[in-house]
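Please treat every number below as a calculation from the coordinates, not as lab data. Small disclaimer: the values here were computed from a predicted structure and weren't measured. Quick reminder, even Gly has a Cβ in these numbers, built from the backbone with ideal geometry, and neighbours come from all protein chains shown.
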Amino acid sequence: MQIHLLRSKIHRALVTDANVEHEGSLTIDPDLMDKVHLLPYERVVCGNLANGNRFETYAIPGKRGSREVILNVATAHLGQAGDRLTIMTFGLFDEKSGPNHKPRVIVLGENNAIKEERNIG
């Protein structure tokens, strides 16, 4: 049997902008994406810590080094600049390997700087 487990998480990502005119769903600095092995156009589940909205969309890379996290198109209606998000990806794992799985996690602080890393490397 296969089970769904958390594969990666970007916790407390600061929303830097919301843009209903931009194509794409959630723009993220590629440096942050690389840290947790989040691929361009990969499905993400997001929780907005400011308003409780939870939504599913896909990630697109922004400008490297910018530390941007931008809600685009429909997701722009689910939050605003200054909100904090938890951005998660999930994967299918064999139930036998599941107990040994450890998700890649980064916790962000001020200006989306990485303040904590877990299971990276």
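A few points about this structure:
- Considering Asp34, Asp29, Asp17, the condition of being under 28 Å from Ile3 (Cα atoms), surrounded by 12 or more Cβ atoms within 10 Å (Cβ to Cβ) and of a type in the set (D, E, K, R) is satisfied by Asp34 alone.
- Tally, over the stretch 82-98, of residues that are surrounded by fewer than 13 Cβ atoms within 10 Å (Cβ to Cβ) and in contact (Cβ under 8 Å) with a residue 12 or more places away in the chain: 4
- Search result, residues across the stretch 37-60 that are part of a loop (DSSP other than H, G, I, E, B) and surrounded by 19 or more Cβ atoms within 10 Å (Cβ to Cβ): Leu38
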